[in-house]
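Only one structure is covered here, and it is reproduced in the block below.
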Amino acid sequence: MKRVAITGAGTINALGHDVATTMTALREGRCGIGPLNFRDVERLSIRIGGQVRNWEPEAHFNRQDIALYDRFTQFTTLAARQAVEQSGLDFRGKLGLECGVVLGTAGGGVNTWDENYRSVYEEGKNRVHPFVVPKLMNNAAASHVSMEWNLRGPSFTVATACASSNHAMGLAFQMVRAGGARAMIAGGSEAMLCFGGIKAWEGLRVMSKDACRPFSANRNGMVQGEGAGVFVFEEWEHARARGADILAEVAGFSMTSDAADIVMPNQAGAERAISGALRDAGLDPSDVGYVNAHGTGTAANDKTECAAVAHAFGHHADRLMISSTKSMHGHLIGGTGAVELLACIMALRDGVIAPTIGYEEPDPECALDVVPNIAREARVGAVLSNAFAFGGLNAVIALRRA
């Protein structure tokens, strides 16, 4: 089995349009959540989110691309460009035959759905643009990324709600580790912040109207975000041989199913995923210094996750740091795990633990070190990133310091 390195990273999200800006915001505990700005927002009861500000597609894409790229594909492509550039890989020629792309998204082209439903049902138009289907399909971003970089190996999209990115990255890791690909572009994206996207989520009654406060006793729900995170996963020896700057090592991955409830989380399923990732990475619980939590800010998720972490880590849970960066960038649903992996890399590479902001009142059912409100300097050798999705689908990734 081959070791797997991360040699490139890219992102756009509510905290910034690149990795450096995002990591600065994470260090500073800056909140990217604010008033939403799009058509018909006044008809919504939820009017806040982690929206990407100052986004100008014309600065990055030509008219033909924009006609084909939904907002989620635009975000993905920009993040992928950053990641590939940092990696220094050239996929032309033989290498392109040995590499692929796996991306996660839950909603795909939600903005395209929203625009065209409005056109047909509200405005009464009888025709839509010929590119509506290729623009809204969930695999659009993966396909465009494969075409832009000549990636002719395994390329596909994973849709497992809030765990989509972690599932995508975990599968990419397994393919590189097993020798099925020399390198994989992996991550995820989401762009549900439009009238139809938020209106649908309002029905679940899990959304906060004012802030995301994971693990705080006065939390009142999740806040959605949008954006993308994309990485280059590469054979360790291949990366070393070409002198690449290795950001972190992908050490292990585990995925489980609760097989219990379509929306309520299950402690046993989450715990098995955490323990499975530790085993797969060959890590003792005491080796892990930080966990990036799923931490949505809902009572059910926060309490269940804290119980799962406490049980999986045993006595070491008292010395473990765990934080939810969703408090800053919002919950990107299918793209969230990819943006959160940046906080894991920051912990390993820079020795900075991103905080859980908005924390106001201790909750005895979340009695872990949640790094409240202020980032912390700490040297850690291994970290986990948790993702627990509707449908009871769990995916946990383990990273080591390079």
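Please specify each residue of the range 337-382 satisfying the condition of being hydrophobic (A, V, I, L, M, F, W, C), assigned to a strand (DSSP E or B) and buried (at least 24 other Cβ atoms within 10 Å of the Cβ). Before you say what the answer is, go through the steps one by one.
Initially, the range 337-382 is screened for residues hydrophobic (A, V, I, L, M, F, W, C), giving 338-339, 341-348, 352-354, 357, 366-368, 370-371, 374-375, 378, 380, 382.
The next check asks that each one be assigned to a strand (DSSP E or B); those that pass are 352-353, 382.
Matches in the range 337-382: ILE353, ALA382.
Give the range 119-160 a look and list any residue that's among the aliphatic types (A, V, I, L, M), more than 18 Å from ARG81 (Cα to Cα) and crowded, with 21+ Cβ neighbours inside 10 Å, or say none.
So the first thing to find is which residues in the range 119-160 are among the aliphatic types (A, V, I, L, M), and the list is 120, 128, 132-133, 136-137, 140-142, 145, 147, 151, 158-159.
Right, trim to more than 18 Å from ARG81 (Cα to Cα) and you get 120, 128, 132-133, 136-137, 158-159.
If the condition is that a residue be among the aliphatic types (A, V, I, L, M), more than 18 Å from ARG81 (Cα to Cα) and crowded, with 21+ Cβ neighbours inside 10 Å, then LEU136, VAL158 are the ones that fit.
How many residues, within the range 177-205, are among the hydrophobic types (A, V, I, L, M, F, W, C), surrounded by fewer than 24 Cβ atoms within 10 Å (Cβ to Cβ) and closer than 14 Å to ARG47 by Cα?
4
If you take the residues of the range 388-402 that are open to solvent by 20 Å² or more (accessible area, probe 1.4 Å) and not in a strand (DSSP E or B), which of them is nearest to PRO285 (Cα to Cα)?
For the range 388-402, the residue satisfying everything is ARG401.
If I ask for residues that are at pLDDT below 95 and of a type in the set (Val, Ile, Thr), which ones from the range 65-94 would you list?
Listed by number, the list is empty, since nothing qualifies.
So which pairs qualify, if the first residue must be in the range 1-16 and within 17 Å of MET328 (Cβ to Cβ), the second must be aromatic (Phe, Trp, Tyr) and open to solvent by 10 Å² or more (accessible area, probe 1.4 Å), the Cβ gap must be under 8 Å, and the two must be at least 6 apart or on different chains?
If the second residue must be aromatic (Phe, Trp, Tyr) and open to solvent by 10 Å² or more (accessible area, probe 1.4 Å), the pairs left are ILE12/TRP55.
Looking only at residues that are open to solvent by 10 Å² or more (accessible area, probe 1.4 Å) and among the polar types (S, T, N, Q) in the range 80-98, which one is nearest to ARG177 (Cα to Cα)?
The selected residue is GLN86.
Consider ARG205 carefully, then state whether it is without any contact (Cβ under 8 Å) to a residue 24 or more places away in the chain and in a loop (DSSP other than H, G, I, E, B). Even if it seems obvious, please write down each step before you answer.
Details: without any contact (Cβ under 8 Å) to a residue 24 or more places away in the chain: yes; in a loop (DSSP other than H, G, I, E, B): yes.
It is true that ARG205 is without any contact (Cβ under 8 Å) to a residue 24 or more places away in the chain and in a loop (DSSP other than H, G, I, E, B).
For every residue, the table says whether it meets (1) closer than 24 Å to ARG30 by Cα; (2) of a type in the set (Gly, Ala, Ser).
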residue	(1), (2)
ALA308	no, yes
ALA312	no, yes
HIS315	no, no
ASP318	no, no
SER327	yes, yes
LEU332	yes, no
LEU342	yes, no
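Please note which helices (runs of 4 or more DSSP H) are completely contained in the range 1-117 and include at least 2 residues that are more than 23 Å from ALA354 (Cβ to Cβ).
Fully inside the range 1-117 and qualifying: 63-68, 71-87, 94-97, 110-117.
Could you check how many residues of the range 136-164 are over 23 Å from ASP65 (Cβ atoms) and either in contact (Cβ under 8 Å) with a residue 60 or more places away in the chain or not β-branched (Val, Ile, Thr) (or both)?
8
Per-residue answers, yes or no, for (1) within 22 Å of the chain's Cα centre (by Cα); (2) within 23 Å of ALA5 (Cα to Cα); (3) in contact (Cβ under 8 Å) with a residue 40 or more places away in the chain:
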| site | (1), (2), (3) |
| --- | --- |
| GLY49 | yes, no, yes |
| ASN62 | no, no, no |
| ARG81 | yes, yes, yes |
| ARG92 | no, yes, yes |
| CYS99 | yes, yes, yes |
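Would you point out the residue of the range 17-47, among those that are without any contact (Cβ under 8 Å) to a residue 12 or more places away in the chain and closer than 30 Å to ASP350 by Cβ, that is surrounded by the most Cβ atoms within 10 Å (Cβ to Cβ)? It would help to see each step written out before you state the result.
Here is the first cut: in the range 17-47, the residues without any contact (Cβ under 8 Å) to a residue 12 or more places away in the chain are 20-21, 24, 42.
Checking which are closer than 30 Å to ASP350 by Cβ leaves us with 20-21, 24.
On the way: ALA20: 11, THR21: 15, THR24: 13.
Among them, the one singled out is THR21.
Kindly indicate which of VAL352, VAL263 is within 20 Å of CYS31 (Cα to Cα) and either basic (Lys, Arg) or in contact (Cβ under 8 Å) with a residue 12 or more places away in the chain (or both).
Every option except VAL352 fails the conditions.
The values are calculated or read from the model by the stated rules, or taken from the named source; none is laboratory data. Please read these numbers as outputs of a predicted model, since none were measured by experiment. With ideal geometry, Cβ positions are generated from the backbone for all residues, glycine too; neighbour counts draw on all protein chains shown. The accessibility values were calculated without ligands, DNA or RNA, using every heavy atom of the protein model including side chains. Shrake-Rupley method; radii C 1.70, N 1.55, O 1.52, S 1.80 Å.
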